Amino acid sequence: MRADETAQEAEQPAAADAADGGAFPGGATTLWHGRFADGPAGALSALSDSLPFDRRMFAEDIAASRAHVTMLCEVGLLSASERDDIGEALAQVESEISEGRMEWAPTDEDIHTAVERRATELCAAAAKMHTGRSRNDQVVTDLRLWTRAAIDEVAASMRGLARTLAERARHAHEAGMRLPGYTHLQQAQPVGLAHHLAAHAWALLRDLGRLEEARRRTDVSPLGAGALAGSSLPLDPHRTAAELGFAAVFENSLDAVSDRDFVADTLYALAMAGMHLSRLGEEIVLWSSAEFGFVELDDAFATGSSMMPQKKNPDAAELARAKAGRLIGHLAGFLATLKGLPLAYNKDLQEDKEPLFDAVDTVRLTVMALDGLLRTASFNADAMARGADDPFAAATDVAEWLVAAGMPFRDAHALVAGLVREALESPDPGTGADRLVELVSEHPDLGPSAAQRLAPGGAYHARTTPGAGGPDAVAPQLDRLDAALAEASG
Ligand code: ARG
């Protein structure tokens with residue numbers, strides 16, 4: 001858990017309370033103010049104060065202020081003793097917030113105001129802290145720092161889930177576990193369970209690539225852009241960027257304070273990850289149903305019904321399926337917020353934080369739950385093999401046997417389709433599969449060697465082409481997956 005989460009639990013500042021009335025101390029108002037000063041001002045604070053959510057960035061705000069103060073001293077705008085005194089005040093503010101001792105004031109509109117207000121109470125020189133700086137470059141500096149760290153955390157948890165999938169795939173491969181692969185959610189051709197699990201791991205690896213790209217775009221310092229136009233004071237943006245470990249520095253002050261592409265990029269990477277997690281979740285929901293019976297969830301990752309005693313529900317997988325909705329919503333909503341905004345800072349940009357924070361939390365929680373669910377789930381090899389080894393799932397293989405013997409594929413397809421139809425029309429329900437084996441064995445163009453293709457495991461083992469779902473092709477794929485995971489871990 002991040003230290004900032006402690007601060008989040010602290011009490012809401014009074015300024016966020018819409019009921020607290022007007023902007024004047026002691027409730028003093030003029031007659032003509034009565035119509036809107038009492039109420040609208042409270043409502044305005046409630047609408048516009050961002051402290052309830054942006055105090056989550058307090059550590060980043062303090063780090064950025066430290067870097068700024070260090071630079072101000074180096075360029076001669078602060079004395080060394082002022083720098084040290086402000087540094088001490090900032091250290092105290094940081095511990096007050098992280099330990100939940102900070103007394104927030106009604107005038108603390110946001111974390112930047114709050115930190116500066118408290119630092120100035122502790123040390124008069126802190127009134128110089130905002131020299132050459134605006135909340136416009138400050139807020140986006142803080143948010144870039146926060147996002148950079150958040151991406152690293154989410155990526156680490158996603159790598160963990162991809163590794164769990166790879167490990168389970170390895171075991172499934174060694175155990176020869178196979179299941180029917182589906183198209184249109186109809187049984188199609190058998191594949192290794194390893195192949196199926198690894199497919200999800202490859203998708204997560206692509207998500208990790210997208211997060212890495214978002215991180216690269218986030219890693220640019222906007223500090224020194226001021227309100228919008230830079231400064232007449234001798235600021236050194238390269239110095240603050242280096243101090244904060246940013247890989248690059250802004251080129252254009254207007255762009256620096258207006259640019260929230262990195263938020264949209266991160267929301268996109270997270271929405272894509274959420275979409276992938278939803279597809280994995282949906283399969284777990286299906287597979288854990290009585291109809292499939294492919295997987296049994298551990299009690300720790302399933303829930304019961306308040307009414308039906310026999311129920312075991314896959315809530316974590318269902319929520320993984322559901323959470324994609326809000327992640328996609330955050331991306332779409334935020335792009336709509338950005339659309340049409342004129343340069344440079346507009347208060348609209350304050351709407352960047354809540355979707356981003358929620359998207360990061362949502363993906364992190366979902367990944368953790370799916371990881372635990374997959375680690376503890378038990379796969380039912382027999383139930384999966386029943387579908388995988390159904391002779392009908394090997395119909396394509398019989399057609400391919402004919403192709404290997406020289407028949408054009410279209411003719412082979414028609415011939416086998418005719419046998420499938422005849423088998424399905426077999427008067428004895430449930431014996432269609434046996435009938436298909438008989439028909440193939442007895443057919444003059446086919447015979448016992450072709451019928452071998454219908455034997456249990458036959459079609460599974462037969463899929464040997466590069467990237468295919470049979471064991472001979474899956475073995476090198478799993479090695480490549482391990483290598484890709486090792487590379488993704490840096
Ligand atoms: N709380 C604001 C935000 O999150 C900080 C920047 C405010 N700047 C301003 N000019 N009012 O965007």
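No value in this document is a laboratory result; all are computed from the given coordinates. The model shown is predicted, which means the values in this text are computed figures rather than measured ones. Using ideal geometry, Cβ is built from the backbone for each residue, glycine included, and neighbour counts are taken over all protein chains shown.
The phi torsions of region 390-401, fed into the Karplus equation with coefficients 6.51, -1.76 and 1.60 and a -60° offset, translate into couplings of 4, x, 4, 5, 9, 4, 4, 5, 5, 4, 5, 4 Hz, rounded to whole numbers, with Gly and Pro shown as x.
State to the nearest 20 debye the size of the charge dipole of region 107-246 about its Cα centre, where the only charges are +1 on K and R beta carbons and -1 on D and E beta carbons. Working shown, then result.
Values: 18 positive and 17 negative charges, 97 e Å.
For this selection, approximately 460 debye.
Residues whose amide H comes within less than 5 Å of that of Gly226, counting only those at least five positions distant or on another chain, are Ser134, Asp137 (H built at 1.01 Å from N in the peptide plane).
For the pair Glu291 and Ala127, the difference between a 0.36 nm per residue extended length and the Cα-Cα distance amounts to 52.2 nm. Quick one: Cα centre-to-centre distance for region 383-407 and region 457-490, in angstrom? Taking the Cα centre of region 457-490 as reference, the centre of region 383-407 is 21 Å away. Seen against the Cα atoms of the chain and their longest principal axis, helix 409-424 is set at about 80 degrees.
The dipole here belongs to region 368-461: it is taken about the Cα centre, uses +1 on the Cβ of Lys and Arg and -1 on the Cβ of Asp and Glu, and is about 280 debye. Ordering Lys339, Lys323 by the number of other Cβ atoms within 10 Å of each residue's own Cβ, fewest first, gives Lys339, Lys323.
Dipole of the chain computed with +1 at Lys/Arg Cβ and -1 at Asp/Glu Cβ about the Cα centre; of Ala399, Ala322, Ala89, farthest Cα towards the positive end is Ala399.
Centroid-to-centroid, using Cα positions, region 288-330 and region 117-185 are 26 Å apart. Comparing Gly372, His130, Gly490 along the charge dipole axis of the chain, the residue lying farthest to the positive side is Gly490, per the Cβ-charge model.
Would you please name the GluC sites (Glu not before Pro) within region 226-290 that are DSSP coil residues with at most 16 other C-beta atoms within 10 Å of their C-beta? Loop-located and lightly packed - Glu251. Summarising the amide proton neighbourhood of Gly181: residues at separation of 5 or more, or on other chains, whose placed amide H is nearer than 5 Å comprise Ala188, Gln189, Val191.
In sequence order, region 169-186 has phi-based couplings of 5, 4, 5, 4, 5, 4, 8, x, 6, 9, 9, x, x, 10, 10, 6, 6, 10 Hz under the Karplus curve 6.51 cos²θ - 1.76 cosθ + 1.60, θ = phi - 60°, and Gly or Pro positions carry x.
Across all directions of projection, what mean area in square nanometres is found for the Cα convex hull of region 53-142? If I average the Cα hull's projected area over directions, I get 5.2 nm². The C-alpha atoms of the chain define a longest principal axis, and helix 471-488 lies at about 10 degrees to it. Applying 1/(1 + (r/R0)^6) with R0 = 51 Å to the Cβ-Cβ distance of Tyr182 and Phe53 gives a FRET efficiency near 0.75.
In whole percent, what relative contact order does region 287-343 give with Cα contacts below 8 Å and a gap of six or more residues? Spell out each step's value before the answer.
Working: 28 pairs, mean separation 10.3, N = 57.
RCO, region 287-343: 18 percent.
Bridges between two residues of region 174-251, per DSSP, are antiparallel at a rate of about 75%. Taking Cα centre as origin and charging only the Cβ of basic (Lys, Arg, +1) and acidic (Asp, Glu, -1) residues, the dipole magnitude of the chain rounds to 700 debye. Positive-end ranking of Leu161, Phe334, Phe409 along the dipole of the chain, with charges on Cβ about the Cα centre, is headed by Phe409.
For region 359-370, backbone phi angles converted through the Karplus equation (6.51, -1.76, 1.60; θ = phi - 60°) give residue-by-residue couplings of 5, 5, 4, 4, 5, 4, 5, 5, 5, 4, 5, 5 Hz, Gly and Pro being listed as x.
For His184, His461, what's the fewest-to-most ordering of other Cβ within 10 Å of each Cβ? Show your work: numbers first, answer last.
On the way: His184 6, His461 15.
Listing His184, His461 from fewest to most nearby Cβ atoms yields His184, His461.
Under 18 Å from a label point set 7 Å out along the Cα-to-Cβ vector of Ser81, the amide N atoms of region 114-143 belong to 122-129.
Quote the Stokes-Einstein diffusion coefficient, in whole µm² s⁻¹, for the chain, based on the Kirkwood radius over alpha carbon pairs, a temperature of 25 °C and a viscosity of 0.890 mPa s. Don't skip to the answer; put the middle values down first.
Working: Rh = 26.8 Å.
Value of D from the Cα-based Kirkwood radius: 91 µm²/s.
Excluding same-chain neighbours fewer than eight residues apart, the lysines reachable from Lys128 by a Cα-Cα span under 29 Å are Lys347, Lys353.
Counting neighbouring beta carbons within 10 Å and listing from fewest to most, the residues Ser288, Ser81 come out as Ser81, Ser288.
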